[in-house]
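Here is the structure we will look at.
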Ligand SMILES: [Fe+2]
């Protein structure tokens with residue numbers, strides 16, 4: 001195991017970029033169901049913000065796929081020096097200045113990440129309705145080797161491991177929240193699911209009703225998970241991507257203590273990062289529908 005300092009430290013998940021065969025249909029879904037608002041159009045690209053004026057998603061034309069994930073880094077980092085370090089690590093960096101200073105790179109399996117500095121409000125041009133989620137909360141990727149992925153993101157990008165499910169699913173935190181980036185064992189790299197945060201159980205209840213009104217079946221949940229202890233529901237967006245809505249995610253409020261903020265639903269006291277083995281793993285809730293069973297093995 002290497003002892004060198006990470007090249008960069010991901011802090012906060014900022015936004016994700018998706019390619020879509022029908023960007024306008026996807027825009028309609030995010031406006032009417034998730035509750036994001038249009039910020040701007042730049043050529044073929046569509047920028048969407050949530051109700052706290054943070055850019056959450058970018059949509060561009062193409063085959064349905066995740067294109068890149070953006071994390072914020074400390075304002076103290078020198079971007080040019082970061083670019084040099086990423087180049088030395090053979091991560092194919094590209095400097096970018098618009099709309100915020102930053103640099104992008106490709107991880108060893110080819111997923112593009114953007115590291116950006118600073119924060120400027122990106123208010124939507126329109127009134128935000130529907131669910132008005134609070135933010136993009138996490139992204140889970142498929143990978144043939146979650147151990148290699150977790151070592152790369154721990155050693156090179158400063159993430160910490162929060163939990164493993166056996167040796168096939170790792171939850172990693174970049175800030176105090178239990179997970180912002182996950183890796184699930186699968187034959188190839190790609191998106192597993194991504195998740196938006198809700199404000200609490202009342203909002204979760206509203207989300208179930210809202211999905212039903214839009215004839216979007218809840219494929220799993222409500223359920224209170226074991227790892228992370230978030231309550232969650234899952235559905236598919238018009239491009240077939242699995243979207244989670246969650247609340248009550250565990251928080252490591254003090255890294256020095258090494259355990260998650262105590263909650264009444266914890267069965268370990270204190271609840272420390274661990275390897276979860278066997279079923280039942282979830283605290284409560286029904287098993288997933290067959291379409292989601294890959295989560296529950
Ligand atoms: Fe999730």
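The values are calculated or read from the model by the stated rules, or taken from the named source; none is laboratory data. Predicted, not measured: the structure shown is a model, and the values here were computed from it. Reconstructed Cβ throughout: ideal geometry from the backbone, glycine too, with neighbour counts over all protein chains shown.
If I ask for residues that are in a loop (DSSP other than H, G, I, E, B) and crowded, with 18+ Cβ neighbours inside 10 Å, which ones from segment 55-76 would you list?
73
Among all residue pairs at least 6 apart or on different chains, which show Cβ distances below 6 Å where the first residue, located in segment 119-130, is under 12 Å from residue 49 (Cα atoms) and the second is at pLDDT below 90 and in a loop (DSSP other than H, G, I, E, B)?
Final answer for the pair search is 121/53; 122/53; 123/53.
Collect the residues in segment 32-50 that are touching a residue at least 12 places away in the same chain (Cβ under 8 Å) and surrounded by fewer than 19 Cβ atoms within 10 Å (Cβ to Cβ), keeping them in residue-number order.
32, 38, 40, 44, 45
Would segment 145-164 turn up any residue that is under 13 Å from the mean Cα position of the chain (by Cα) and outside the structural domain of residue 72 (by TED's automatic domain parsing)? So that I can check it myself, show each step before the final result.
Applying the first criterion (under 13 Å from the mean Cα position of the chain (by Cα)) to segment 145-164 yields none.
No, segment 145-164 has no match at all.
Could you pull out the residue among 69, 79 that is at pLDDT below 95 and assigned by TED's automatic domain parsing to the domain that holds residue 42?
When all the criteria are applied, what remains is 79.
Just wondering, is there one or more residues in segment 188-204 that are over 28 Å from residue 49 (Cα atoms) and assigned by TED's automatic domain parsing to the domain that holds residue 143?
So far as segment 188-204 goes, yes, one or more of its residues are over 28 Å from residue 49 (Cα atoms) and assigned by TED's automatic domain parsing to the domain that holds residue 143.
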